[in-house]
1. Among residues belonging to region B:186-211 that are in contact (Cβ under 8 Å) with a residue 60 or more places away in the chain, within 23 Å of the chain's Cα centre (by Cα) and surrounded by fewer than 19 Cβ atoms within 10 Å (Cβ to Cβ), point out the one that is farthest from the other protein chains (Cβ to nearest Cβ).
2. How many residues does region A:6-21 hold that are within 9 Å of chain C (Cβ to nearest Cβ) and not small (Gly, Ala, Ser)?
3. Search region A:52-88 for residues being facing another protein chain (nearest Cβ under 8 Å) and of a type in the set (Phe, Trp, Tyr), and hand back the single one that is nearest to the chain's Cα centre (by Cα).
4. Quick check on my filter: what residues within region A:1-24 are assigned to a loop (DSSP other than H, G, I, E, B) and polar (S, T, N, Q)?
5. Please list, ordered by first then second residue, the pairs with beta carbon atoms under 9 Å, 6 or more apart or interchain, first in region B:86-107 and within 19 Å of B:Val119 (Cα to Cα), second at pLDDT 80 or above and part of a helix (DSSP H, G or I).
6. At pLDDT 90 or above and either at the interface with chain A (Cβ under 9 Å from one of its Cβ atoms) or in contact with a strand residue (DSSP E or B) (Cβ under 8 Å, 6 or more places away or on another chain) (or both): is that true of C:Ala24 in this structure?
7. Restricting to region C:24-46, count the residues that are more than 13 Å from A:Met48 (Cβ to Cβ) and under 12 Å from the mean Cα position of the chain (by Cα).
8. Could you please give the count of residues in region C:46-93 that are over 30 Å from A:Pro90 (Cα atoms), more than 7 Å from every other protein chain (Cβ to nearest Cβ) and β-branched (Val, Ile, Thr)?
Amino acid sequence: MSVQDAYQLLYIIVLLMLGALIAVMLIRSVTTKGVMERILCVNMLSTMVICMIAILSRMLNEPYLVDVAVIYAMISFVTVLMLSLTHIPPGKKRARFMAARREGGAGADGRRLEGKEPEAKAADGDGKRA
Amino acid sequence: MNKSRFLSWLYGETDVMEDILELDETSDESREQLKREKRRLRRELLRSGRAKKVIGAETKGFYALYHVVAVVSCIMLIGVLLFAVANLPRYGEENPETTEMVARYVEKGVEETGADNIVAGMILDYRAFDTLGESHVLFTALICVTILLRLDRKNMRKTYEDYYAIRGERFHDISREAIMRNVAAVLVPCIFVFGIYVLLNGQNGPGGGFSGGAVMGAAMIIFSAAFGFDKADRVFSKRLGAWVTFAALSFYSAAKGYVFFTGANHLENHIPKGTPGAILSGGLILPLDIAVGMVVAFTMYGFYNLFMRGK
Amino acid sequence: MMEWIQFIATAVCLLAGVFAFAVAVIGVARFEFVLNRLHAAGVGDTLGIFLIVLGCVIAAGFSLDALKLVLLIFFMWFTSPVSTHYVAQVEYFTNRQLEKYVRFIGEAENGSDTDGDS
């Protein structure tokens with residue numbers, strides 16, 4: 001078998017394996033609970049897609065697909081950045097949250113701070129929802 | 001068990017993000033104050049007699065007319081569209097749109113337009129009128145959002161500290177962080193140059209005006225997010241955005257007007273086609289690409305800017 | 001003969017890259033907490049993509065394609081730590097159950113804002 005056929009076979013095998021990993025990540029991004037877990041899975045997924053596009057550009061011998069991969073990388077970067085920026089609480093609320101977490105202790109039962117300390121509850125009127 | 005959970009999620013009875021992430025009610029004192037001011041002013045206005053007459057005419061005449069006209073125009077539009085769709089040829093039949101035109105584009109596309117990329121040749125040469133309309137749509141959307149969301153200095157925001165104060169209540173301000181500044185100092189020029197490269201290579205490969213403009217817009221967004229409003233406004237100010245989009249659209253309209261004029265009168269338009277594969281090829285495709293790219297980039301950046309400053 | 005050496009080098013790099021990605025995916029799938037998953041995802045973001053793109057560079061030889069692929073690697077290496085940083089920031093500032101998974105060693109007195117030098 002010539003070198004070209006070997007290359008094509010190699011690319012196809014690698015693409016299939018990467019495709020299986022992408023399928024696993026896709027299912028994981030739906031079944032895990034938690035916003036940041038999902039964002040992380042989507043980030044991994046887009047990294048694997050970028051790798052697949054790079055391999056495709058070698059397989060089909062088209063040089064412009066690498067530009068497409070760079071654009072995908074940029075899009076995934078801006079996506080994760082902006083998605084996580086909207087969830088970081090800004091300055092004042094962050095200070096309240098850190099104070100509540102330090103004083104109230106970690107709620108071992110459930111994620112909601114049940115306001116055990118009256119201090120934490122008096123500090124911010126809606127102690128549960130920060 | 002799973003079926004009922006799925007159904008309750010489907011019908012919106014349960015909150016998926018309940019214990020995981022909660023949105024807070026933004027207790028915006030300035031917004032409450034504004035609402036109270038508005039209510040007070042409206043009450044005072046309604047007390048005077050002249051206002052009663054004006055508002056009375058408004059409520060009776062205008063709203064009734066508005067509803068009637070809205071319903072009538074919707075029905076007319078639906079009727080026209082349905083009639084047009086009913087008279088389309090059946091799917092799959094031999095009609096000129098799918099056989100003759102496609103054959104002509106594919107066979108003679110490269111030699112008639114001078115571009116290797118047949119898609120770019122189509123959207124910017126054969127069907128450039130469509131792209132003109134699209135660019136105008138982008139421009140109109142930006143104007144409408146600007147009218148609705150932009151606050152003049154006389155209105156509410158006096159200085160940039162107000163912007164930061166309002167935005168700082170809702171979003172975390174990353175423009176003061178060292179990591180973002182250092183990374184953006186290296187990345188933004190690279191992404192911008194890459195966007196220009198994608199734009200200029202519209203006729204030789206995939207790319208062109210829209211994707212190049214989107215990449216440039218993303219570079220501007222990263223720049224604005226990393227360095228803050230004041231520094232970004234010095235470079236990409238509103239005046240620059242307005243003038244650049246206006247100039248781009250005027251140039252596009254003028255160029256296409258010239259081409260239509262010479263084409264309709266069977267004259268020769270002396271625009272060189274060049275050799276396919278070079279950068280300066282394809283006649284008017286490169287300048288039109290640049291115009292479209294400018295409009296797209298400033299539209300994206302304008303939307304980001306207006307929505308981030310908040311109200 | 002040189003072509004076969006090039007092919008073997010490409011094959012080794014590509015398969016090692018797929019292995020790195022597999023490790024990363026298993027890590028992300030099996031760990032429990034976001035900050036642990038970030039560790040696993042970091043492996044994929046840096047080592048995995050480096051090995052696969054290195055394989056493509058070897059397959060391309062000395063040409064413009066290789067330069068563009070090197071640009072891709074550098075772009076990913078620049079931006080993926082920043083994304084990771086912000087994901088960790090969100091988790092740090094939003095999670096109330098952080099004590100259960102993380103041991104704090106010495107927290108600052110105030111809210112430990114992350115405003116850098118302005």
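The values are calculated or read from the model by the stated rules, or taken from the named source; none is laboratory data. In this text the structure is predicted, and so the values were computed from the model without any measurement. Here the Cβ is made from the backbone with ideal geometry for all residues, glycine too, and neighbour counts use every protein chain on show.
1. B:Leu200
2. Within region A:6-21, residues that are within 9 Å of chain C (Cβ to nearest Cβ) and not small (Gly, Ala, Ser) number 8.
3. A:Phe77
4. A:Ser2
5. Cβ pairs passing all conditions: B:Tyr105/B:Ile118; B:Tyr105/B:Gly121; B:Tyr105/B:Met122; B:Tyr105/B:Tyr126; B:Val106/B:Ile118.
6. Here the answer is yes, as C:Ala24 does meet what is asked.
7. 6
8. Result for region C:46-93: 5.
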